[in-house]
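Chemist: Sharing a structure below in structure tokens format, with a few things to ask.
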Amino acid sequence: MKTLLLTGALAFASAPLFAGAAVATVAGADGSSEHAGYALQTTPMTGGDGTVNQSDTNAFSLPQGNLSMTKRLDFSVGNSFFRNPWVEAPASTKARDGLGPLFNTNACQGCHLKDGRGHPPAVDTPSVSLFLRLAVPHDAVKDADILRTNGFKPHPVYGAQLQTSALPGAKPEADLVLSWTKRIEVLADGTEVELREPVYTIENPNYGPLGDNLLISPRVAPPMIGMGLLEAIPAETVAALADSDDTNGDGISGRVNQVWDIASQQTVPGRFGWKAAEPDVHQQSMGAFAGDMGLTSSLKTATDCTPSQNCDAWANGGDPEVTDKIADFVTFYSKSLAVPARRDMGSATVQQGARLFNETGCAACHTPTYVTGVNPQRPDLSSQTIWPYSDLLLHDMGPALADGRDEFLADGNEWRTAPLWGVGLAQQVNPLAGFLHDGRARTLEEAILWHGGEAQPASDRYRQMMVKERNALIEFLTSL
Amino acid sequence: MPFLFRPAPMAIAVAALLVAGCGTNGSVAKNQPADQKIDNSAVVAHYADVAHATFEDALITARTLNAATDRLIANPTEANLQTAKEAWYAARVPYQQSEVFRFGNTLVDDWEGQVNAWPLDEGLIDYVESDGYQYELGNAGATANIIASNSINVGGEQLDVSTLTAELLADLNEIGGSEANVASGYHAIEFLLWGQDLNGFSAGSGERPVSDYQQGTDCTNGNCNRRADYLDAVTDLLIDDLEWMTAQWAEGSSDNYRAQLTSADASEGVQKMLFGMGSLSLGELAGERMKVALEANSFEDEHDCFSDNTHNSHYYNGQGIQNVYTGTYRRVDNSVVTGPSLADLVEQTNPQLNAELNKQLNESMQALGLIKAKAESSQAPMAFDMMIAPGNGEGAKIVNNAIMALVVQTGSIEQAARELGIEALSPDDAGHSF
């Protein structure tokens, strides 16, 4: 393939093509660069001024590098509440009691390992950083109220997620058993890649039968970096990327989820979570306290316990259990974890991979760059040029990844484009980390090969590549 | 593997460190001819001197503690228990000043777990009051009670604990994978001397009766012989660990940590120094140890919870930070170690910043001193766990003042780093961050 290196302004009107086309790289006078119609990152500062130089096991655990000293203190306080376990009420540790009685884990770090990704459980070990969301089929008319505020219809007894742990004396909802089926992908050059597909079995349900119409959606804990920066991207910018009817005919029809904002009691664009079902980091965090740890907050006044589970028989840890003060520290922490700098950008292979990323069309959904808006409360997050590689929109990812379970506007085939910043360090931070919503992909290559639906043409282009090109693309991703 | 926290190099001439003793190097400024500009390498070498003196003092006071616990074991009287407690307090003075070396020096941080780990699920070690005892959910070690058992089962692992030795206790740390399973170090000893503090936010520390060490029919709470064996082994292990660490900082060895540090690029050493100061000042002391406890109103977040000595822990942490900056350390025998310092380096390029930072270090010591004075006051003393109680406005104010003083000085520590050409104070590998 031939690559032209041009300087000066050159606009690309058409969608990028992979094979046979002359593809241009444009270097702008302001230091920005473009290739095949998408931005090309030329700075290692992936997270803007707050980017940190850390590429070991602590790569995801540092505060924004441009935080003021007093804010760093708040960060370390939030870190303590994020890391330390919560306990059963009543306890002398008033600030951290009220866990459960049903829960998935007892500390935020239990799933967000070293602030990074979770992983599917190993054979014969309980699942902690991956759990199942639950739902039953809904009736659009009869269930309109719950759909408007909840996005789906929870199981009448087991609620919105399967909680596999419980306080002593209480019964966990069930055991989650995971097994894998293997499948072999054959690439164009004959290379075989083994993929593993998860099979979930719910055993020992302790609160009655789960029923035949149960819908499950596995979710692995996502990494915590750059959340505040993602939140700082203006809503109009994201909305402008949406193309729900694919009017530009590129086969990509990203759309914005529309979700319930508890604080303002209205429907707003969704941005966080695997299906973009949460409007902001605070609501996402309070949702995790309620669902994953069984802790109420003033935003989420109920946990995932249903009336028939009789959770009121256990003492609560105050009303709410997570005080506003602590909730705010945790949210501040969650919005302040820095993005690590890119590595190896000088490598010719990495640079080739970066061009291939754009040429292949990965960048059509994994939108490389944004400039954040202005938030007077958070100068460190304001007006930053960032490189998250996500459009934060929902896309049909095909039947192989589908969970078949709606969440607000997201249908059973749709997932939000996962940001790729830091993806190359995922397994430095947690060696067991997997990719995609359920962590099934053990390598970045496996993750690419699972991409279907709107991403099928792009993953097919990957299958067609020669080994050198495939390696270059993977090396680029590893440099993120 | 015994002594599991000990990284290489293992081959240390332990004998070498003992000859230095105390009082031999009072007010000695070395490493630098008087008429020359002070450079990074002289400052790093003196930093190692201060570290060595501090760890050696920790060792000296730990030996006194060991002698006192030996006397308590041989003759369990109130007076001997009291003497042992006093010796423990005294041992904390240099040790807490050494914590500034933990941040930035991976070797110290990796070793520290066996010596000063906290918080601990003390039911691993001995009996606890079931009502007032909280432990990490799912930690099977939390109720293992080594003293009452010849064999314990933690996480499916059956272990023979019939003979309590220093090596065994080292092995038992973090058994079953839980960091709360602390079998050794200062806080284990503290628990063996004081017992649980069941007073909550009220005045008073742990009240372990001396009869817990009396043999025969006078023994209370059972297994007094094993409790004595435990105390004997755990104090031996502490000395062993401190000997090892002191040797790491001793001059004249070619394969210890000091040799490694002083032969590396001196600007790396300067970065470690400033990083250690900043990390302890902001994230650890102001954040984890003070602000978290205050915001959580949680005496479970108190550092020296059995003995109510938290005020001193905080105070001497602060002192350690100042020591590293000024290159000045007052030893337990009152001699003073001085030499080329970070303060000298900053003075050479920005005297105003040096004056500012020195002033701020003094102010934070005053603020920490107020916590100490309040806790040790003969009139209505207020211990740290009382200061952080809900609704104690006076206590919160005292603690907050110290927090803010530490925050302010950290800002200047960062400025000093920039002044000395260190762009980012990010850690190299110590696993701690601001």
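Every number in this text was worked out from the coordinates using simple rules, so none of it is lab data. Since the model is a prediction, treat every value here as computed from it, not as a measurement. Neighbour counts are summed over all protein chains in view; Cβ atoms, including those assigned to glycine, are modelled from backbone coordinates with ideal geometry.
Chemist: How many percent of the alpha carbon pairs in the stretch A:263-333 exceed a separation of 17 Å?
Modeler: When every Cα pair of the stretch A:263-333 is considered, 46 percent fall beyond 17 Å.
Chemist: Shielding of A:73-82 by partners, i.e. mean partner chain Cβ atoms within 10 Å per residue?
Modeler: 6
Chemist: Would you give the gap between the C-alpha center of the stretch A:73-141 and the C-alpha center of the stretch B:103-175, rounded to a whole Å?
Modeler: 25 Å
Chemist: Say R0 is 25 Å: what FRET efficiency, to the nearest 0.05, do A:T443 and A:T201 get from their beta-carbon distance?
Modeler: Result of the calculation: an efficiency of 0.45.
Chemist: Here is a follow-up. Taking trypsin sites (Lys or Arg not before Pro) as candidate sites, keep only those in a DSSP loop with at most 15 other Cβ atoms within 10 Å, then name the longest stretch of chain B containing none of them.
Modeler: Result for the longest clean stretch: B:38-434.
Chemist: Tell me, which cysteines of chain A are without a disulfide-compatible partner by the Cβ under 4.7 Å rule?
Modeler: A:C108, A:C111, A:C362, A:C365, each lacking another Cys Cβ under 4.7 Å.
Chemist: Same structure again: Which net charge results when you count Lys and Arg as +1 and Asp and Glu as -1 among the other residues whose beta-carbon is under 15 Å from that of A:T247?
Modeler: -4
Chemist: Here is the link list: A:K182/A:K300; A:K171/A:K300; A:K114/B:K374. Which ones come out longer than 30 Å on Cα distance?
Modeler: Table pairs above 30 Å Cα-Cα are A:K182/A:K300; A:K114/B:K374.
Chemist: Okay, moving on. Once label points are set 7 Å from the Cα along Cα→Cβ at both B:R418 and B:S263, what is their separation, rounded to one decimal in nm?
Modeler: Taking the simple label geometry, B:R418 and B:S263 are separated by 3.6 nm.
Chemist: Residues with amide H under 5 Å of A:L40's amide H, sequence separation 5 or more or different chain, H placed in the peptide plane at 1.01 Å from N; which?
Modeler: A:S33, A:E34, A:H35
Chemist: Moving on to the next point. Within 10 Å of each Cβ in B:276-283, how many Cβ atoms from other chains are there, averaged over the peptide?
Modeler: 2
Chemist: Considering Cα pairs under 8 angstrom that are at least six residues apart, work out the relative contact order of chain A and quote it in whole percent.
Modeler: Reported relative contact order: 22 percent.
Chemist: Round to a whole angstrom and tell me the spacing of the C-alpha centers of the stretch A:212-274 and the stretch A:406-427.
Modeler: 9 Å
Chemist: Quote the FRET efficiency, to the nearest 0.05, computed for B:E207 versus A:T70 with a Förster distance R0 of 30 Å and r equal to the Cβ-Cβ distance.
Modeler: According to the calculation, E is roughly 0.15.
Chemist: So for the stretch A:322-479, averaging the separation of alpha carbon pairs under 8 Å that are six or more residues apart and normalising by length, what relative contact order in percent results?
Modeler: Computed over the stretch A:322-479, the figure is 28 percent.
Chemist: What 222 nm value per residue comes from the helices of chain B, counting each DSSP H run with n ≥ 4 as -39,500 (n - 2.57) and dividing by all residues, nearest 500 deg cm²/dmol?
Modeler: Rounded to the nearest 500, the figure is -17000 deg cm²/dmol.
Chemist: So what is the relative contact order of the stretch B:300-356, in percent, for Cα pairs below 8 Å that sit 6 or more residues apart?
Modeler: Reported as a whole number, the value is 19 percent.
Chemist: Between B:E376 and A:A188, what is the label-to-label distance in nm when each label sits 7 Å out along the Cα-to-Cβ direction?
Modeler: 7.7 nm
Chemist: What list of ³J(HN,Hα) values in whole Hz, one per residue of the stretch A:340-353 in order, does the Karplus curve 6.51 cos²θ - 1.76 cosθ + 1.60 (θ = phi - 60°) give from phi, with Gly and Pro shown as x?
Modeler: Taking θ as phi minus 60°, the curve returns x, 5, 6, 10, 6, 6, x, 5, 4, 5, 4, 5, 5, x Hz for the stretch A:340-353.
Chemist: How about A:K335: which aspartates and glutamates have a C-alpha closer than 14 Å to its C-alpha, ignoring those fewer than 8 places off in the same chain?
Modeler: Filter leaves A:D74, A:D115, A:E231, A:D280, A:D380.
Chemist: Another question, if that's okay. Just to be sure I follow the definition: excluding the sites themselves, where is the longest run in chain A that has none of the trypsin sites (Lys or Arg not before Pro) in a DSSP loop with at most 13 other Cβ atoms within 10 Å?
Modeler: With a cap of 13 other Cβ atoms within 10 Å, the longest stretch comes to A:143-480.
Chemist: Could you tell me the distance between the Cα centroids of the stretch B:318-357 and the stretch B:360-395, to the nearest Å?
Modeler: A separation of 25 Å, based on Cα centres.
Chemist: Still on this model: Count, for each residue of A:315-327, the Cβ atoms from other chains sitting within 10 Å of its Cβ, then give me the mean as a whole number.
Modeler: Whole-number average of other-chain Cβ neighbours for A:315-327 is 1.
Chemist: At a Förster distance of 30 Å, what's the computed FRET efficiency of A:D312 paired with A:I146, Cβ-Cβ distance as r, to 0.05?
Modeler: Step by step, r from the Cβ atoms, then E = 0.90.
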